[in-house]
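Reviewing the structure listed below.
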Amino acid sequence: MALCLVACGGAEDPEAASAAQFSIFTGRLETADAVVGLAVSDRGIVEAYVCGGAATFATHSRWFVGALSSGSASLEAGGLRLDLTRKGETTDVTLTAQDGAVHATLAAQAGAGSRSALYESPADASCRWGVVMMDDGGAEPGIFGTWCDRTASMSGDPLDGPTEVFAQVTPVEPVDFRNTLLPVVAQTPTGEQSFEVRRIGAYRAAP
């Protein structure tokens, strides 16, 4: 996965009137080089992206999708579990990695004027990946992302299933924070590639 710029507007949806409204939360995991971005809809649907840093982009970068029940959810993806408990303008987040290690953070809701945002890969991507923009109040927000591609089994045996390949991505500067699309580049195994990731904005069709 992994971007980490820091290490690591466009037109609204024409169907905005019938789309869900999302609140954005972001946080840094306390004991792992990873960040998390959450888009929580007014209908209780959660789309969460964990983006690993230099040491964990291939092991911790995952999308988690589900629904809150009484303000909480336990979501699983790729052998990892993400436990969420929303508490007003914050959300308790706990990631349990494949090795059993537990990492937590208190993700803060993006307020008016915040540039914190969550972006998703193009719709035709073989493996969904994303970018987290985290506005900590500094001159520029941190931008973290990870590219992913799903390929045939490296062993050549179709019974082994597909293989996922990850790479860190960086944004193309200067960044236009008003735009729904964020241009990024990834150093993939076949060379540098350019992409545009789309912001999960204030209004977007529910998944």
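Derived scalar couplings between HN and Hα for segment 121-129 equal 5, x, 4, 8, 5, 6, 9, 5, 9 Hz in order, rounded to whole Hz, by the Karplus curve 6.51 cos²θ - 1.76 cosθ + 1.60 (θ = phi - 60°), x for Gly and Pro.
Close amide H pairs (under 5 Å, H built 1.01 Å from N) link residue 44 with no residue at least 5 positions away or on another chain. Residues 195, 22, sorted by accessible area with the largest first, give 195, 22 [1.4 Å probe; ligands and nucleic acids excluded].
Accessible surface comparison of 35, 165, probe 1.4 Å, protein chains only, largest first: the order is 165, 35.
Backbone geometry of segment 96-109 corresponds, through the Karplus equation with coefficients 6.51, -1.76 and 1.60 at θ = phi - 60°, to 3J(HN,Hα) couplings of 9, 7, 5, 8, x, 5, 10, 10, 9, 7, 10, 7, 9, 6 Hz, x marking Gly and Pro. Heavy-atom accessible surface of residue 81, to the nearest 10 Å², is about 90 Å², with a 1.4 Å probe and all protein chains retained. Each Lys or Arg adds one and each Asp or Glu subtracts one; over the other residues with Cβ under 15 Å from the Cβ of residue 194, this totals -4. In the context of the full protein assembly, residue 57 retains an accessible surface of approximately 50 Å², using a probe radius of 1.4 Å and ignoring ligands and nucleic acids. For segment 90-156, the Cα-based Rg and Dmax, in that order, read 15.9, 51 Å. On full extension, the segment bounded by residue 187 and residue 76 gains 37.2 nm, given 0.36 nm per residue less the C-alpha separation. Solvent-accessible area of residue 136, all protein chains in place: 110 Å² (probe radius 1.4 Å, heavy atoms, ligands and nucleic acids excluded). Residue 96 sits among other residues whose Cβ lies under 11 Å from its own Cβ, and their net charge, with Lys and Arg +1 and Asp and Glu -1, is -2.
The values are calculated or read from the model by the stated rules, or taken from the named source; none is laboratory data. Nothing here was measured: the structure is a model prediction, and the numbers come from that model. Glycine also receives a Cβ, built like all others from the backbone with ideal geometry; neighbour counts cover every protein chain displayed. Each accessible area value is taken on the protein alone, full model and side chains, heavy atoms only, with ligands, DNA and RNA left out. Shrake-Rupley method; radii C 1.70, N 1.55, O 1.52, S 1.80 Å.
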